[in-house]
Amino acid sequence: MWLFSRLSLLLLATLSFCGCNSSSNSDVTYVALGASDATGVGATPLTNGYVYRIRDMLENDGYPTNLDNLGVPGIEIGGIVDVEKPLATRANPDLITLFTGGNDLVDGTSASDFQEKLDGLIADLQGTNAFIVIADLPDLTRLPRFIDDPDSDVTPQNVAAYNAAINAVANKYGIPVARLSSEAPDDRYVSDEDGFHPNDQGHKRMAELFYAIIGPYFAQTGSSGD
């Protein structure tokens, strides 16, 4: 469904890791893993996306933040493992956010295959000692895109199976979950452009759900190094 070749994915992720936003004085190194949502698609401008909002929330709370946004539009869990993970581990991050699964589900990947790859990804990311927060999936069946054009792979059962997989991996490794599943993906939160990606309000709500976990963690630890 997506037109990105593996070479294109590698190029995009490498460009994301160019260090353009880096600062040797940053207290928090934040790495964002994911697909088009991570890059801010649906927000206007893209820097209103949830990843950038999380960075801004950290900085507003007194934690200067070096963001490496490794999100690649269209990428699935296998691409995150192959392309984004090596760059993430190299960054020596203090914080990692991960939102994945939607593209895999739409493309017909089984929940068990998704879970296996996700488990391997999180196992490897444990070696970074970063604070990792993963999001589960909202009810994709309620997105305008799939209401207008139903997809046999996008069913309540499959969404539930993916979320069960995410929760199983999160529980195994003690990873907190930002519960996007708790929010109804209605017109308030969905882009009019494609009926699929979050709009500005959707990205804002995603950032709030992530930061409800991230903020208290950094308040407790005091800084990335404590």
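All of the numbers you see were taken from the coordinates with simple rules; none came from a lab. The shown structure was predicted, so the numbers you read here are calculated from the model rather than taken from an experiment. Positions of Cβ are backbone-derived with ideal geometry, glycine not excepted, and every protein chain shown enters the neighbour counts.
Quick look at the values:
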quantity	calculated
Label corresponding to semi-axes √(5λ) of the Cα gyration tensor in Å when calculated from the structure given, among (i) 26, 19, 18; (ii) 34, 22, 14; (iii) 44, 17, 14	(i)
Lys85, Lys172 arranged by Cβ crowding within 10 Å, fewest neighbours leading	Lys172, Lys85
Eligible aspartates and glutamates near Lys204 by straight Cα distance, threshold 13 Å, same-chain separation 8 or greater	Asp37, Asp56, Glu183
The range 6-221, relative contact order in percent, only Cα pairs under 8 angstrom and at least six apart counted	23 percent
Expected 222 nm ellipticity per residue - DSSP helices of 4 or more, -39500 (n - 2.57), all of the chain, to 500	-13000 deg cm²/dmol
Of all DSSP beta bridges in the chain, antiparallel share, percent nearest 5	5 percent
